[in-house]
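No value in this document is a laboratory result; all are computed from the given coordinates. The structure presented is a predicted model; accordingly, all values stated were derived computationally and were not measured. Cβ placement follows ideal geometry from the backbone for every residue including glycine, while neighbour counts extend to all protein chains displayed.
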Amino acid sequence: MSGRGEVRFEDIIKMHGEFAALKGVNFEIKPGEFFALLGPSGSGKSTTLRILAGLDAPTAGHVYIDGKDVTSVDARDRDIAMVFQSYALYPHMTVADNIAFPLEMANMPRAKIGPAVVDAARKVKIDHLLDRKPGQLSGGQQQRCALARAIVRKARLFLLDEPLSNLDAKLRLETRAELKKLQRSLGVTAVYVTHDQEEAMTLADRMAVFMAGEIQQVGTPAEVFAKPNSIEIAGFIGNPPMNLLPARYINGDITIGGRWLKTTAQLAGERDVIVGLRPSALRIVADGINGKVDLIEDLGDSAILDIDCSGTQIRARVNHDNVPREGDAIAIAARPQDIHLFDPTTRKRL
Amino acid sequence: MAPTTDMAAAAAAAIVPNDFSRVLAQRERRFAAALLAPAFLALLATTTFPLMFLVWTSAFRMDLAMPFANGFVGFENYQALLTDERFWSSLLLSLVYTASTVVLQVVIGLALALLVMDMKRGQGWFRLIAILPVVLSPAVVGMIWRTFMLAPEFGIVDFLAINAGIGSKNWLGDPLLAMVSVIAIHTWQWTPFAFMVLLASLAALPEDIYEAARLDRATAWQRFRRITLPLLRPAIVMVIIMRTMVALTAFAAIFTVTAGGPGTATEILNLYAYRKSFTELSIGYGSALAVALLIVTVIISGVLFALRRAK
Amino acid sequence: MSARRVRMFALIAISLVFLLAWAFPIVWSVLNSLKTDPDVLAYPPKLIFSPTLDAYRDVLFGSGSILPNLVSSIVISVGTTIVTMLMAIPAAYALARLRFRGKKFAGFYVLATQMLPPVGIIIPYFLVLRNIGWIDTYQGIILIYLSFSLPFAIWLLVSYFEDIPFEMEEAAYLDGASRLRTLRRIIIPQVRGGIAVTVVFVFLNAWNEFLFAVVLSGNTVRPVTVAMFNFVSVEQTLWAKLAAVSVLAMLPVVALGVVAQKHIVKGLTVGAVKGGGRR
């Protein structure tokens with residue numbers, strides 16, 4: 001029953017009346033991959049997940065799972081398990097009954113359900129809570145219960161819709177690590193929807209970044225971080241976000257605040273560009289772009305500086321042993337390979 | 001984002017339509033139809049069909065006492081109705097009965113709700129006692145009032161009247177007192193309804209706005225006029241609508257207490273339609289009266305719903 | 001005495017007057033049902049008397065016993081409740097949850113049927129039942145009781161169904177449950193509270209109904225609200241027995257009212273507070 005869990009979206013379009021929620025989405029997920037759908041709210045990532053689950057039908061296009069066109073296959077025949085943002089636990093059933101429900105629906109014999117339930121509960125460490133009702137559980141326990149209900153069936157695809165967003169910050173970090181381990185140990189393909197870029201970066205093997213109903217970039221977190229495809233992605237990925245500054249490009253050099261910086265770009269001629277500089281790529285140097293430190297946000301191990309470079313605001317992240325004081329005049333620079341260039345009209349990477 | 005992509009998407013959708021969404025929608029429709037069918041067939045049979053048949057009957061002379069004279073008469077029943085003094089007086093009685101009972105229920109109910117809201121102890125008693133009249137059959141309520149409350153001398157109301165120096169009254173025999181009595185009985189039974197609904201709505205109002213108002217130095221009366229009343233308005237209007245519909249078709253209590261009498265002193269339109277049809281067995285004319293009642297109900301509820309939407 | 005205390009005593013006095021006004025007629029009926037006729041008719045009214053159950057014995061087991069009428073009331077009320085719930089639960093679910101064309105109209109239709117005056121329904125209904133010989137039958141009465149119990153039950157239930165999150169159904173669906181199975185195993189158990197409230201209301205309304213009952217009842221089917229009239233006639237009123245019958249007619253609904261106190265308030269307010277245009 002369990003296949004490999006390979007997914008392919010082919011030109012998926014979803015219209016809500018006149019509004020295009022998805023405008024032709026294409027991507028592939030490899031078996032066993034932890035794949036994140038990342039994007040701000042309303043970007044189409046949840047719609048994509050719902051179409052993959054079969055809860056919504058696409059307006060056009062095809063969905064393939066393990067090479068088979070499942071576009072017109074019912075949700076309950078797709079062999080997919082899902083963890084909802086609200087967990088959607090059945091409040092009138094005990095934890096054990098909740099976990100057993102999918103097995104019962106699959107007509108598994110009673111004798112085999114019990115051990116399977118205990119096994120799944122043990123994997124997420126809630127085997128001591130089996131007799132409780134969801135209302136008697138803490139948020140974290142509820143989330144685990146939802147996980148157990150999803151993994152018990154050993155479905156070929158494991159969908160997670162912002163499963164950590166209802167947990168408090170500390171619990172979220174712990175659960176994040178456990179989730180990754182769980183997915184590894186089960187060897188199942190996971191598709192994970194989130195608006196939190198940090199979550200996607202840490203969890204995903206690969207991710208698709210959604211913007212306004214389109215996928216703007218697919219790649220490993222490292223790739224997307226290193227080479228964002230567009231201004232939107234550059235501004236979305238990384239914390240604090242990339243500095244994006246209009247500048248003039250002339251034969252490999254750019255000018256910011258009256259200073260010339262070398263880039264690795266190979267473009268000929270002269271043009272307007274948007275320059276992307278990650279705060280962490282900026283260093284304090286003796287000779288560079290001159291500016292005045294407006295504000296310092298101390299993060300303990302590092303600090304974020306708001307620097308006023310003759311009217312242009314630039315943020316830089318510096319090591320803790322290297323923090324200037326507010327009001328100091330400093331100079332900053334970046335290595336040529338850390339400078340990203342974007343086209344101001346197409347907003348794509350140059 | 002850009003309109004061109006939307007149009008391109010729409011164009012693509014038109015070229016490669018996926019009919020699975022249509023299949024899903026159709027499946028949902030069929031499931032809905034299957035679930036709705038029994039209830040809607042029953043409603044058609046017990047409300048819509050009788051209504052059409054009623055309108056049809058109202059165009060006939062249909063006298064169960066004199067069947068030989070029966071036949072189609074068109075609008076004759078309605079013409080008769082327009083010149084029927086008993087109809088106009090029953091309509092007037094209906095309006096008086098409805099307006100007075102509804103106003104009394106809302107005013108007393110609201111006042112009591114405000115009073116009980118501030119009580120630290122004894123709320124439970126109010127909640128418990130208030131349930132009692134509401135769950136009773138109006139027929140039983142009417143019977144109790146007619147006998148043990150309003151009977152001359154040993155009826156408690158009359159006993160109290162005698163001791164208060166008013167003297168024994170013929171509560172149900174005097175035309176005016178009979179009307180007052182049926183209004184009082186209806187108010188007695190249904191004020192707890194308004195009370196309970198308004199108390200629940202009051203309890204649902206957020207407390208911090210009152211604290212804010214207090215800090216803004218609003219007096220108790222100002223807090224009531226400027227905060228409580230506007231916030232409670234939807235609930236009050238809803239109570240008025242619900243109680244009006246019930247009062248217009250009140251039957252059992254009046255029927256048991258006075259049966260519309262003495263003479264026609266408490267014969268509201270609803271009761272007139274009943275008496276004409278089932279006591280005087282003049283079903284055709286009774287149907288016309290029922291249609292008239294329906295029209296009055298629709299007009300009044302239209303006005304009330306407009307009131308609800310206003311502002 | 002300070003103004004504050006005067007105010008407090010005034011409030012307590014007003015409260016007591018109203019509590020008494022609401023409770024007294026009911027309590028007084030109970031007391032009268034335990035009296036003999038002369039005690040009922042005594043002037044001034046007697047609060048102290050030697051109680052007797054004679055009136056109850058007579059109305060239950062004497063000639064003209066109202067036991068069959070109590071049975072009638074029970075059969076009508078229980079029957080109406082069962083039929084209503086069987087139809088209203090699926091309909092309310094569909095109206096609350098499913099997407100289909102004409103849904104708005106369907107909801108409006110249910111609402112509009114409640115505007116029909118009962119007297120306008122009973123006239124044609126009486127003519128039809130007379131023709132098919134269903135007057136004085138349980139099926140006749142229960143069928144027409146649907147005209148008021150169904151719309152009410154549907155709207156009350158819709159508000160409960162709407163409270164269940166959509167994801168619950170989607171989760172069940174992904175877990176492999178069919179729509180019908182989802183409804184039975186996941187949805188309905190979660191609206192048990194709402195179903196209980198609705199059952200109480202439908203039962204109360206059916207038990208208390210009078211207009212339809214008085215027109216359609218006969219020697220076989222005659223609920224207690226109608227049979228009560230046997231004890232008051234032009235010639236004489238059987239005071240204590242009438243009190244006993246009234247108490248018997250009140251007993252089940254008062255018991256239900258007290259037991260389901262919180263639910264009743266919720267049922268009354270669900271339309272007024274939350275549901276806006278529903279009722």
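Numbers at a glance
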read-out	value
Chain C: most fluctuating residue of C:L127, C:L95, C:L146 per GNM, C-alpha cutoff 10 Å	C:L127
Taking chain B and dividing mean pair separation by its residue count, relative contact order in percent (alpha carbons under 8 Å, at least six apart)	27 percent
Globularity ratio of segment B:76-309, using Cα Rg and 2.2 N^0.38 Å	1.18
Dipole moment magnitude, nearest 20 debye, the protein assembly as shown about Cα centre, only Lys, Arg, Asp, Glu C-beta charged	680 debye
Among A:L341, A:L277, A:S310 the positive-end extreme of the charge dipole of segment A:243-342 (Cβ point charges)	A:L341
Unit charges on C-beta of K, R, D, E only; dipole of chain A, Debye	940 debye
Residue mean of other protein chain beta carbons inside 10 Å, A:17-24	4
4 °C / 1.567 mPa s Stokes-Einstein diffusion coefficient of segment C:96-165, Kirkwood radius on C-alpha pairs, µm²/s	92 µm²/s
Gaussian network model of chain B, springs between alpha carbon atoms under 10 Å - residue of B:R223, B:R27, B:R243 with greatest fluctuation	B:R27
Chain B: most fluctuating residue of B:A273, B:A218, B:A34 per GNM, C-alpha cutoff 10 Å	B:A34
Relative contact order (percent, whole number), chain A, Cα cutoff 8 Å, 6+ residue spacing	16 percent
Neighbour net charge for B:Y97 - beta-carbon separation under 15 angstrom, K R +1, D E -1	0
Local electrostatic count at A:H195 - Lys and Arg +1, Asp and Glu -1, tallied over other residues with Cβ under 15 Å	-3
Net charge dipole size for segment A:243-342 [Lys, Arg +1 and Asp, Glu -1 on Cβ; Debye, nearest 20]	380 debye
Cα lying deepest toward the dipole's positive end in the protein assembly as shown, options B:F31, A:G291, C:V197, charges on Cβ	C:V197
C-alpha long axis of helix A:169-186 to longest principal axis of chain A, angle in °	60 degrees
Out-of-range pairs (alpha-carbon distance over 31 Å; input A:K45/A:K123; C:K35/C:K266; C:K35/C:K262; A:K30/A:K125; A:K14/A:K112; A:K45/A:K170)	C:K35/C:K266; C:K35/C:K262; A:K14/A:K112
Pairs of alpha carbons in the protein assembly as shown whose separation is greater than 47 Å (percent)	47 percent
Debye intensity ratio in log₁₀ form over the Cα atoms of chain A, taken at each q of 0.08, 0.11, 0.12 Å⁻¹	-0.50, -0.82, -0.92
Within-15-Å neighbourhood charge of C:M85 [Cβ basis; K, R +1; D, E -1]	+2
Helix-derived mean residue ellipticity, 222 nm - over chain A, DSSP H n ≥ 4, -39500 (n - 2.57), to 500	-7000 deg cm²/dmol
Label-to-label distance, nm, for residues given as B:A203 and C:S65 (7 Å Cα→Cβ offset)	4.3 nm
FRET efficiency estimate (nearest 0.05) - Cβ-Cβ, A:K30 to A:T312, R0 45 angstrom	0.60
Spin-label pair B:W125/A:N290, simplified geometry with 7 Å Cα→Cβ offset, distance in nm	8.6 nm
For chain C: relative contact order, % (alpha-carbon pairs under 8 angstrom, 6 or more apart)	29 percent
Ellipsoid equivalent to segment C:55-274 - semi-axes via the Cα gyration tensor, in Å	38, 20, 15
Across A:K68/A:K348; B:K276/C:K46; A:K23/A:K262; A:K133/B:K120; A:K133/A:K180, pairs whose alpha-carbon gap is larger than 32 Å	A:K68/A:K348; B:K276/C:K46; A:K23/A:K262; A:K133/B:K120
Chain C: angle of helix C:67-97 to the longest principal axis, Cα-based, in degrees nearest 10	30 degrees
